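Contents: one structure, followed by commentary.
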Amino acid sequence: MITREIRLAAHVTDEPGLDHFALAETEVDGEVIVRTDYVGLAAAYLELMRADCRIPVPAWQPGDRVGAAVVGTVVRSDSPDLAVGDLVQSMTGWSEHSAGPAAQYVKLDRDLFPEPSYHLGQGVTAYYGMADVAAVGEGDVVFVSGAAGGVGSLAGQIARCRGAARVIGSAGSRAKAAYLVDELGYDAAFDYHDGPVADRLRELVPEGITVFFDVVGGEQYQAAVQTARPGARFALCGSLSHQLGGGADRFPEPDRAAAQARGIELSPFSCHHTPEQVAAWREHFTRWLGEGRFVFPQTIVEGGIKEVPGAFLSMLKGSYRGNVAVRLA
Ligand SMILES: NC(=O)c1ccc[n+]([C@@H]2O[C@H](COP(=O)([O-])OP(=O)(O)OC[C@H]3O[C@@H](n4cnc5c(N)ncnc54)[C@H](OP(=O)(O)O)[C@@H]3O)[C@@H](O)[C@H]2O)c1
């Protein structure tokens, strides 16, 4: 079958742009053929597009299809494990169709979530970081950086559902800060461009934070250290301000001296999406959705395969909220 895919045209060295991607036709064939319904977009993909990728998984090479997470529908199957019409998830990437052995697809329960695109959310990471790494619970005062993004928009809600006393978030605009409070249940939120972050935190949480879920690093990390209570737990998930904001080091060492002086427990973590981690997130997510205690913050971009690179770049620039997916079918 002839299909269309997005390839990496060149490694990203500095700022990513449309010329790093190319739309191409290709032929796919295999035991199973899947129509891609949604492709998920995540900030971490930018790292996989760099020649000096620092994430310990194989980076994408020029000419490769961008191999991101997708959900799709089986349209042909010679496998007893998958039937036409089954919903599946895979890392087959930015293409209208994929093909291969049945083993490269994970069969999903179509009825588990309201929409198939929910399977592309970053909840496994957010849940693992909040529940297992930070062990957030009753009475915690929580600060989430990057709180309107894919991981962050779920992390704050998880803290709330696990009994946190107060949840504060930061985001890149006042509109996003209002969204956190009005729609995601944050107690307070601020635009990190509005003056020193440490000042905002002292105003909003004079009692000091006990948990920090960090996807941004930089000034927000420093401010959290300055306003943390002794013994606070920091789940260090990402470093967007370095990854996306430019500068020499995309993954800087956190300043440990100030954290040590306050007895802060620093926990950089990597979520590997083990079956147990996936199951824990799904169990809690479906329960909280059913109880009406949780919303799934999501932006669906329309326009098909040709829109995917532009949507990815817009996502990195902060044009969207929540988990971002492009609808292909
Ligand atoms: N540890 C793990 O296992 C793990 C797993 C998944 C992801 N991650 C990491 O978690 C982080 C978040 O991933 P995500 O996919 O959820 O990304 P995301 O937060 O959805 O990333 C897009 C957002 O980045 C923000 N942004 C753009 N430029 C920025 C800058 N200069 N400083 C601060 N924020 C900026 C924008 O939000 P604003 O408009 O609010 O600035 C934008 O909406 C990434 O660092 C990723 O690598 C880690």
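Observations on the structure shown:
- Those residues of region 191-216 which are in contact with a strand residue (DSSP E or B) (Cβ under 6 Å, 6 or more places away or on another chain) and within 15 Å of the ligand (Cβ to nearest atom), in sequence order: Tyr192, Arg200, Phe212, Phe213, Asp214
- The residue of region 145-163 that is farthest from Asn323 (Cα to Cα), among those that are of a type outside the set (Lys, Arg) and surrounded by fewer than 24 Cβ atoms within 10 Å (Cβ to Cβ), is Gly163.
- Residue count for region 164-186, restricted to those that are surrounded by fewer than 21 Cβ atoms within 10 Å (Cβ to Cβ) and either at pLDDT below 95 or in a strand (DSSP E or B) (or both): 1
- The listed residue being touching a helix residue (DSSP H, G or I) at 6+ places or on another chain (Cβ under 6 Å), under 27 Å from Gly238 (Cα atoms) and polar (S, T, N, Q), out of Gln89, Gln61: Gln89
- Any chance Leu184 is within 11 Å of the ligand (Cβ to nearest atom) and assigned by TED's automatic domain parsing to the domain that holds Leu244: no
- Within region 217-329, helices (runs of 4 or more DSSP H) holding 3 or more residues that are aliphatic (A, V, I, L, M) and within 13 Å of the ligand (Cβ to nearest atom): 308-316
- Residues satisfying the stated conditions in region 201-217, i.e. over 15 Å from Gly146 (Cα atoms) and of a type outside the set (A, V, I, L, M, F, W, C): Arg202, Glu203, Pro206, Glu207, Gly208, Thr210
- Sole exception among (1) in a helix (DSSP H, G or I); (2) of a type in the set (Phe, Trp, Tyr); (3) more than 9 Å from the ligand (Cβ to nearest atom) for Tyr128, by number: (3)
- Candidates Pro62, Pro80, Pro58 - the one that is under 23 Å from Val151 (Cβ atoms), more than 16 Å from the ligand (Cβ to nearest atom) and part of a loop (DSSP other than H, G, I, E, B): Pro58
- The residue list Thr286, Thr227 contains one member that is surrounded by 15 or more Cβ atoms within 10 Å (Cβ to Cβ) and not assigned by TED's automatic domain parsing to the domain that holds Phe190, which is Thr286.
- Check on Val88, in a strand (DSSP E or B), in contact with a Phe, Trp or Tyr (Cβ under 9 Å, 6 or more places away or on another chain) and under 30 Å from Ile158 (Cα atoms): yes
- Sole exception among (1) assigned to a loop (DSSP other than H, G, I, E, B); (2) more than 30 Å from Ala248 (Cβ to Cβ) for Leu23, by number: (1)
The values are calculated or read from the model by the stated rules, or taken from the named source; none is laboratory data. Keep in mind the model is a prediction, meaning the values are calculated, not measured. A quick note on method: Cβ atoms are made from the backbone with ideal geometry, for glycine too, and the neighbour counts reach across all protein chains shown.
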